[in-house]
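What follows is a set of notes on a single structure, which appears directly below.
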Amino acid sequence: MKKTFQLQTEGKHRDRVLEAVKHEVRKYVKRERRRALPAGVDFWDFDCKFGVTEATAEVVHLGALTGLMDGVALTAGEQFYVEILAKHGHRKARPVGEADATPGNADAA
């Protein structure tokens, strides 16, 4: 998904437009995560960019997108650009010593 969202839409309240954009982004991520995983892939990961325009977009974490959208809306921005690209994710094994130090681990006692 590479898209510039307009927050000023005639006849629609700005807050409702923002909520619709957030819903569209969540729906896209959910749809991408439902896709079948290729062999050797553990999960779907996402490369994300966010900015006022496509040229000024910076790399961000997927979890930070809604907060950034809210920030643009609070500063009375007219538009913002969101880019979300799915990629293959591979889980990394924890180092042996780190597994015992996790809080709530009954084996650490």
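The values are calculated or read from the model by the stated rules, or taken from the named source; none is laboratory data. From a predicted model like this one, the values you see are computed outputs, not experimental measurements. A quick note on method: Cβ atoms are made from the backbone with ideal geometry, for glycine too, and the neighbour counts reach across all protein chains shown.
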Looking only at the stretch 8-45, count how many residues are in a loop (DSSP other than H, G, I, E, B), free of Cβ contacts under 8 Å to residues at least 24 places away in the same chain and either closer than 30 Å to T75 by Cα or among the aromatic types (F, W, Y) (or both).
5
Would you mention how many residues in the stretch 26-83 are farther than 13 Å from Q6 by Cα and among the hydroxyl-bearing types (S, T, Y)?
4
The lone condition A55 fails out of (1) surrounded by 11 or more Cβ atoms within 10 Å (Cβ to Cβ); (2) small (G, A, S); (3) out of contact with any Gly (no Cβ under 6 Å at 6 or more places or on another chain) is (1)
Quick check on the stretch 1-47: of everything there that is in contact with a Gly (Cβ under 9 Å, 6 or more places away or on another chain) and acidic (D, E), which residue is surrounded by the most Cβ atoms within 10 Å (Cβ to Cβ)?
D45
Which of the numbered conditions does D107 fail, given that it passes all the others? Conditions: (1) among the charged types (D, E, K, R); (2) at pLDDT below 95; (3) surrounded by 10 or more Cβ atoms within 10 Å (Cβ to Cβ).
(3)
Just to be sure before I move on: is V59 among the aliphatic types (A, V, I, L, M) and outside any strand (DSSP E or B) in the structure I sent?
no
Under 17 Å from A76 (Cα atoms), outside any loop (DSSP other than H, G, I, E, B) and of a type in the set (F, W, Y), is that true of F5?
yes
Quick check: anything in the stretch 55-66 modelled with pLDDT of 95 or more, among the charged types (D, E, K, R) and in contact with a strand residue (DSSP E or B) (Cβ under 7 Å, 6 or more places away or on another chain)?
yes
Restricting to the stretch 88-102, what's the tally of residues that are closer than 21 Å to D47 by Cβ and either at pLDDT 95 or above or assigned to a loop (DSSP other than H, G, I, E, B) (or both)?
3
If we keep just the residues of the stretch 1-22 that are among the polar types (S, T, N, Q) and modelled with pLDDT of 95 or more, which is farthest from the chain's Cα centre (by Cα)?
Q6
